[in-house]
Amino acid sequence: MRGRVEMINPLKGFIAVKTENNDYSVVEVIDSYFPELGAIVLGALDELGGETLKCLDDQIEFEVFIQDIYSDYTNAKRMLSMY
């Protein structure tokens, strides 16, 4: 599944990715690589737990833990601010 990084909280290591389905996956980045706002990522954004995503902008794969899927904008924003 493809998505675009719409929100970031680099201090806490979280991003919210807007998916092809127009909902959000809230992702904890557990790698040293951190995608930029607007980056296009590819991976299992509709599955909870540990995953490997790929940033299509620079072809870098990075490890994440997907915390929430099928979220709306308000909930994704709340989750990024609370962690």
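The values are calculated or read from the model by the stated rules, or taken from the named source; none is laboratory data. What you are looking at is a predicted structure, and each value in this text was computed from that prediction instead of being measured. Heads up, the Cβs are rebuilt from the backbone with ideal geometry, glycines too, and the neighbour counts pull from every protein chain shown. The protein model used for the area step is the full one, side chains on, heavy atoms only, and it has no ligands, DNA or RNA in it. Shrake-Rupley method; radii C 1.70, N 1.55, O 1.52, S 1.80 Å.
When the accessible area of the chain is computed with all protein chains present and a 1.4 Å probe, what percentage of it is carbon and sulfur? C and S fraction of accessible area: 48 percent. Count charges around residue 61 for me, please; just the other residues with Cβ under 13 Å from its Cβ, Lys/Arg as +1, Asp/Glu as -1. Around residue 61, the charge tally is -4.
Solvent-accessible surface of protein heavy atoms, probed at 1.4 angstrom with all chains present, puts 37, 11, 80 in the order 11, 37, 80, largest first.
Accessible surface comparison of 82, 1, probe 1.4 Å, protein chains only, largest first: the order is 82, 1.
Counting each DSSP H run of 4 or more residues in the chain as -39500 (n - 2.57), what helix-only mean residue ellipticity at 222 nm follows after dividing by all residues, to the nearest 500 deg cm²/dmol? Walk me through the numbers on the way to the answer.
On the way: 1 runs with 10 residues, N = 83.
Helices in the chain give a 222 nm mean residue ellipticity of -3500 deg cm²/dmol.
Percent of Cα-Cα pairs per 5 Å bin, from 0 to the last occupied bin, for the chain, please list those. Values per bin, smallest distances first: 3, 18, 33, 30, 13, 3.
Across the range 29-53, the residues whose backbone nitrogen lies under 13 Å from the label position 7 Å along the beta-carbon direction of residue 63 are 29-33, 50-53. Subtracting the Cα-Cα distance of residue 4 and residue 54 from 0.36 nm times their residue separation leaves 16.8 nm of extension gain. Assuming charge only on the beta carbon of Lys and Arg (+1) and of Asp and Glu (-1), the dipole of the chain about its Cα centre is about 300 debye to the nearest 20. Charged neighbours of residue 13, selected by a Cβ distance under 12 Å, balance to -2 (K, R count +1; D, E count -1). Probing with 1.4 Å while keeping every protein chain in the model, the per residue accessible area of the chain equals 54 Å².
Each residue, residue 75 and residue 44, gets one label point 7 Å from its Cα in the Cβ direction; the gap between the two is 2.0 nm.
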